[in-house]
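Have a look at the structure below before the remarks.
The values are calculated or read from the model by the stated rules, or taken from the named source; none is laboratory data. Predicted, not measured: the structure shown is a model, and the values here were computed from it. Backbone-built Cβ (ideal geometry, glycine too); neighbour counts: all protein chains shown. Note: areas computed on protein heavy atoms with side chains; ligands, DNA, RNA excluded. Shrake-Rupley method; radii C 1.70, N 1.55, O 1.52, S 1.80 Å.
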Amino acid sequence: MKHLLELLRGCRVTQVIGPKNPEISAITFDSRKVSTGSLFVAIRGTSVDGHTFIPLLEHSGVAAVVCEALPEKVLPHISYVIVPDSSVALGEIASEWYDHPSRKLKLVGVTGTNGKTTTATLVYEMARLLGHKAGLLSTVCNYIETTPVPTAQTTPDAVSINELLARMVAEGCTYAAMEVSSHAAHQHRIAGLHFAGGIFTNLTRDHLDYHKTVQAYLEAKKSFFDGLPASAFALTNADDKVGLVMLQNCAAARRTYSLRSMADFRGKILESRIDGTLLSLNGREVETMFTGRFNAYNLTAVYGACIMLGWDETEVLRQMSRLVPVSGRFQAIHSPNGVTAIVDYAHTPDAVVNVLQAIREVNPRRVITVVGAGGNRDSGKRPIMAAEAARLSDLLILTSDNPRFEQPMAILADMEAGLTDESRQRTAVIEDRREAIAAAVDMACPGDVILIAGKGHEDYQEIQGVKHHFDDREVVRDIFSKLSAAAD
């Protein structure tokens, strides 16, 4: 239990109407969860405006309402707190409610189009390998030390973030890493958090269904760096065309990493294989279990972050060789007859290119790619993804991803529009994803590599609002095991 004025200490408040300092029993931005003594924060969401629910709370027992505009009917027993932006206020109130857990551990945020999950996860893993208790907030799964907590979105809402961070603190964690999505930055879900550092991976086309323009998408990412305190570090990819933009007007200690140019943290690929890469990091060699240039960037960023966190460089390099790929990120599955399947979350044109280039670097006999595109998302990237996949593959199968509320064949038609007459001759369209994967395996010969892109760690396929169990990794292993049984 806390009092209203205590919860408002970090907020910009325009006016308080009604009881000045009621006792608060809970905080929520979901009107369905309001109970006696609750503080309700009315958020203007992308599809629903929480302000419309304020009049419905008259008999709910709500103690206070935080809003940007007063309702027509103001009730004398409810405190109304007027703020410029209720989304920002929610983050600050949530931090206060949970006693500012982000100040009690060193929190590192990772933003960018690709590489967020891998980079954040590896910072978390490095902390643990170096003997620290740590937590993770990521697309794949949240972790409180070693306890998994299922995740529904890349960056949770402000209340959930603080609740998870508070649980980490209670478990003795001293470090945490989290993905910071562009949606979360734009919607102020990270408001009120204190970061020890921020990492920028790269920026390519994605989420234009939400941000509308690449510039708006960039500005959402940059807002994270603009908010970093002077006590933090800001580590950016100097090889990305907007990498240095992230550091403009940033108060934090600014550092860069690169594979191509001079930087504070310099990575170089010395040797690349399907099961690993020999890297040079600031002139010191380290053997890793990761493949591809994109993973070399991720590892260089992790190395830089570790050094900025004050960890011993020699020990950091020693432990980096123990890191393993994140589930569903360039995850290799081998068949008994010499075919390798790579399951990867790549769902943007740039990510598809990165993964295919990584596969090409290890000189496979042929590359067969299975890829689709999600429904009700940026449709402009669909033909680009298909064109890039065709360019870097010997054979291409276009298939369904998560069609959501769109018709799968309409999505595939959008993808086909990006193909040339020549690439169409090497492309098959198979709507059923399981059948598409099976067809790719059937086409493959020893020495071939099959890329199954788009879903990675996901264990479902979303069709007309319903999530059906579907895991690319399970499907591949099942097909490979049947081939092995048939061979016996």
Review point. What angle do you read, to the nearest 10 degrees and between 0 and 90, between the alpha-carbon axis of helix 86-97 and the longest principal axis of the chain?
Key: 80
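Nearest 20 debye, what's the magnitude of the dipole of the chain about its Cα centre given +1 on Lys and Arg Cβ and -1 on Asp and Glu Cβ?
My answer is approximately 940 debye.
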Check your understanding: Taking Cα atoms, how many degrees apart are the long axis of helix 433-443 and the longest axis of the chain, rounded to 10 and kept between 0 and 90?
Key -> 20
Review point. Counting only heavy atoms of protein chains, what accessible area per residue, in Å², does the chain have with a probe of 1.4 Å?
Key: 41
Revision key, fill the gap. Given 138-149, 4-15, 293-304, the highest-first ranking by average Cβ count within 10 Å works out to 293-304, 138-149, 4-15
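Once you order the gyration tensor axes a ≥ b ≥ c over the Cα atoms, which shape class does the chain get: rounded for a/c under 1.5, otherwise prolate or oblate by comparing a/b with b/c?
Details: a/c = 2.14, a/b = 1.52, b/c = 1.40.
Since a/c reaches 1.5 and a/b is larger than b/c, the shape of the chain is classed as prolate.
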Check your understanding: How big is the gap, in Å, between the Cα center of region 137-196 and the Cα center of region 237-271?
Key -> 25
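In region 1-117, what is the count of Lys pairs whose alpha carbons are under 25 Å apart, counting only pairs at least 8 residues apart or on separate chains?
For region 1-117, qualifying lysine pairs total 8.
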Check your understanding: Which FRET efficiency value, to the nearest 0.05, is calculated for ASN337 and ASP85 with the Förster distance at 60 angstrom and r the Cβ-Cβ distance?
Key -> 0.55
Review point. Which Cα, out of THR111, LEU57, PHE40, lies furthest along the positive dipole direction of region 37-115 (beta carbon charges, K/R +1, D/E -1)?
Key: THR111
Practice item. Under 19 Å Cα to Cα from LYS268, which aspartates and glutamates show up? Leave out anything in the same chain fewer than 8 places away. Key: ASP239, ASP240, GLU285, GLU287, GLU313, GLU361
Review point. To the nearest 0.05, what FRET efficiency results for SER280 and CYS445 with a Förster distance of 30 Å applied to their C-beta separation?
Key: 0.30
Study note, to complete from the structure: Stretched fully, the stretch from ALA230 through ASN376 gains (0.36 nm per residue minus C-alpha distance, one decimal, in nm) 48.6 nm
Point to revise | Student exercise, region 305-384 dipole from Lys, Arg, Asp, Glu Cβ charges, in Debye to nearest 20 | key: 440
Point to revise | Dipole of region 256-326, positive direction: furthest Cα of GLY283, VAL302, GLY267, with charges on the beta-carbon | key: GLY267
Review point. What nm value, rounded to one decimal, do you get for the distance between GLN407 and THR28 when each label is placed 7 Å out toward the C-beta?
Key: 4.1
Review point. Leaving out same-chain residues fewer than 8 places away, which aspartates and glutamates sit with a Cα under 13 Å from that of LYS133?
Key: GLU125, GLU145, GLU171
Exercise for review: At 0.36 nm per residue, minus the direct Cα-Cα distance, what do VAL362 and HIS469 gain on full extension? Give it in nm, one decimal, please.
Suggested key: 35.2 nm
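Taking 41 Å as R0, compute the FRET efficiency from the Cβ-Cβ separation of GLU219 and THR314 and round it to 0.05.
0.55
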Revision key, fill the gap. Checking rank on 250-259, 122-131, 171-180, with mean other Cβ inside 10 Å and highest first, the result is 171-180, 122-131, 250-259
**Study point:** Ordering of 366-379, 454-467 by packing [mean C-beta count within 10 Å, highest first]
**Key:** 366-379, 454-467
Check your understanding: In degrees from 0 to 90, rounded to the nearest 10, what is the angle of the helix 116-129 Cα long axis to the longest principal axis of the chain?
Key -> 80
Exercise for review: Identify all lysines with a Cα-Cα distance to LYS381 below 18 Å; exclude those on the same chain that are fewer than 8 residues away in sequence.
Suggested key: LYS212, LYS455
